[in-house]
Amino acid sequence: MLQRFVDNILAVTKESVKTFTYESLNNIVRLINGVSALLLTILPGKATILEGIHGWELRPGFRGPRFPRWMENGVSSFNQFIHELSMDSDTSSVDYSSAEEDSDLNIYPASPSSQSSRVSGSSASTKYDKHRTGWIRCIFFWILLPAKFLLGIPVRLCHFVYNKGSKAPAISGSHRRLHPIKRVRTLKDQIVHFTTDRRRGVIEDLNLAIEIFIEAIFDVVHKVAHFILSPSAAFRKLLSWVSSYKGGTRENHGSVLEASVTTATLGENDPAPTERNTTFHQSLNTDARTCQDVITELGYPYEAIHVITADGYVLLLERIPRRDARKAVYLQHGILDSSMGWVSNGVVGSPAFAAFDKGYDVFLGNLRGLVSREHVDKNISSRQYWRYSINEHGIEDIPAIIEKIHQVKTSELKLSQPDLEQETNDQLYKLCAVCHSLGGAAMLMYVITRRVEEKPHRLSRLILLSPAGFHDDSTFVFTVVEHIFLMLAPILAPLVPGFYIPTRFFRMLLNKLARDFHNYPAVGGLVQTLMSYGFGGDSSNWVGVLGLPHYNMNDMPGVSFQVALHLAQMKRSGKFKMFDYGSVSANMEAYGSPGPLDLGEFYWLIDIPIDLVAGHKDKVIRPSMVRKHYKLMKNSGVDVSYNEFEYAHLDFTFSHHEELLTYVMSRLLLVEPTTKHPSSRKAERLKKKGQVNS
């Protein structure tokens, strides 16, 4: 009786402490969010900054209150069922676990303390009768099934727990009689998963850590109390534990817990449970999806091709393959971006998927500049890896990527179409390139340098979205940064090889903070406004871009010091020049002239059509700078077009704009693949030759 009384006291005390800390943390977060909202109202220009963000709402999201565990027997089965529905609406994860699991386990990884308190039924928390409520849940499942499909209410499949003392049949959500409904549920959850960020933020992690800490403290207090009140039972338990440990039944597996889990096999002929080994890894719940994950989850094919540049950098060329297609498109990202930008809007709004659906073989390029430092020299230092400018993007990265595309396409087309015979210098396919920002400047540099070297560039058309190159007309903020950067460059160059986040912890922190900015819109709006000020008032969704999966704890794009210095040099000179090495001798060795090459003077070498696109709200690369490209190309006789949209800088890739996507696809379709095989031309020539001889 005394032991039960102590257990109740500890349970009530524990829940009181958890409730107090939980509410205290919530109040602190509300205070921060409120102060952020107050600052946001007095900051100038925030309306113009936030108006261009697609889907941005300064509106908090609500989460259903959580029942204390000591109240589980104090609520009716109907209220418990409705509560679980509200908890399910907060998460998009697929839940086929048994009904004995708390709904919070669908969001957070189970810790030893949470497992003991939520699953094993410790004396600190009681269980409600799941067998009694199983039939009630199933009835409500079938009642609410139409609402599930019409209104999108996530209704959990009914679960039943087999009790040895009961004669009721044991039915689970994985039984084959519920297989069709489970399959529909799986498809819906997969669709939700594509568009939902399931990571946890810093606030959620802090709340979870506090809860685990309190659970651990009260678990120790609970065991001490049991030892004092019943020392004989505790001593027997200690002896059994020591004997089992000496017998080798308990092994330490480190941070990975291996367990034998009984699972039901989904088969027509073998519904009996089978055993498999499942490994549970502790997760930090960050969003580390790759471009491959996004492409394959949406049902598209995927291929990864590793490209090695002449100077030893290992690049990842990703592909949505259409091997027999005779038209291909190469998508090249800009600064601090990756191939993820071309697929981040899903099936409907991403250029990569739109091009594939139009029959193109799609290649997604990734330039050098990752924290992981992919290089043939595995021991390359940070200083050596980041020693490159935009020159290396244009004369090393892109040539290696395009030559690899040419090699792959030529071999595949000859294999799939054996009647092809390449008698002339014509390619068997047409290759177009779509580039954004820095990728556009690097692509122009590639085309011009290849023409200077009298080498084929293998491109049929260029579509450049807000291309870099000219930056003399920019905002006051960029002008100040340029002066400071060029002034301090001799001092910073030996100290700072690149701008990136070097440690996994801070990269994880950034990944999680991006989630917090979404959960607390006022804080997110304040950060968005401050970041926009730093980018000259550009209204791109900078906070949303930080939430993209390629900004994760494992890897992240960075910027080398020389790339930033190269951009500052372009802004200072007002010309689209190659990198200035700082001395006449170095420039003579690199270019054969005292100064770097002015690429604008060589626009007359461009022999393919070019489509330039500018953003009216773009403050990073203003429309006047894109028009400067256009005027120089037009005066040089280049087949060039110019178009302008009401977009900010990142809207060209990150945001979904149907008119831009339609325009890009219309320009791609202007390039028709060669329909007449070289072998057919050979047959015609042989036929004419025979007629002449006769």
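For residues that are assigned to a helix (DSSP H, G or I) and either touching a residue at least 40 places away in the same chain (Cβ under 8 Å) or closer than 22 Å to Leu668 by Cβ (or both), scanning just segment 294-326, find the one that is farthest from the chain's Cα centre (by Cα). Result: Glu297. Limited to segment 540-561, what total is found for residues that are surrounded by 22 or more Cβ atoms within 10 Å (Cβ to Cβ) and assigned to a helix (DSSP H, G or I)? The total comes to 3. On the basis of being assigned to a helix (DSSP H, G or I), surrounded by 15 or more Cβ atoms within 10 Å (Cβ to Cβ) and either in the same structural domain as Ser16 (by TED's automatic domain parsing) or modelled with pLDDT of 75 or more (or both), does Leu187 make the cut? It is false that Leu187 is assigned to a helix (DSSP H, G or I), surrounded by 15 or more Cβ atoms within 10 Å (Cβ to Cβ) and either in the same structural domain as Ser16 (by TED's automatic domain parsing) or modelled with pLDDT of 75 or more (or both). Residues of segment 443-469 that are under 30 Å from the mean Cα position of the chain (by Cα) and not aliphatic (A, V, I, L, M): Tyr446, Arg461, Ser466, Pro467, Gly469. Just one residue in the set Ala433, Ala400 is assigned by TED's automatic domain parsing to the domain that holds Ala310 and in a helix (DSSP H, G or I); that residue is Ala400. On the stretch given as segment 327-350, residues that are within 16 Å of the chain's Cα centre (by Cα) and in a helix (DSSP H, G or I) total 7.
When you check His471 against the structure, is it of a type outside the set (Phe, Trp, Tyr) and either assigned to a strand (DSSP E or B) or surrounded by fewer than 22 Cβ atoms within 10 Å (Cβ to Cβ) (or both), yes or no? For His471, the condition - of a type outside the set (Phe, Trp, Tyr) and either assigned to a strand (DSSP E or B) or surrounded by fewer than 22 Cβ atoms within 10 Å (Cβ to Cβ) (or both) - is not met. Every test in (1) among the aromatic types (Phe, Trp, Tyr); (2) touching a His at 6+ places or on another chain (Cβ under 9 Å); (3) surrounded by fewer than 19 Cβ atoms within 10 Å (Cβ to Cβ) is passed by Tyr446 save one, and that test is (3). It is to be established whether one or more residues within segment 630-645 are among the hydroxyl-bearing types (Ser, Thr, Tyr) and in a helix (DSSP H, G or I). Yes, there is a match, as at least one residue in segment 630-645 is among the hydroxyl-bearing types (Ser, Thr, Tyr) and in a helix (DSSP H, G or I). Within segment 7-35, restricting attention to residues that are farther than 18 Å from Val202 by Cβ and either buried (at least 17 other Cβ atoms within 10 Å of the Cβ) or charged (D, E, K, R) (or both), the residue that is modelled with the lowest pLDDT is Asp7.
The values are calculated or read from the model by the stated rules, or taken from the named source; none is laboratory data. Bear in mind that the values here come from a model prediction, so they are computed numbers and not experimental data. So basically every Cβ, Gly included, is an ideal-geometry build from the backbone, and we count neighbours across all protein chains shown.
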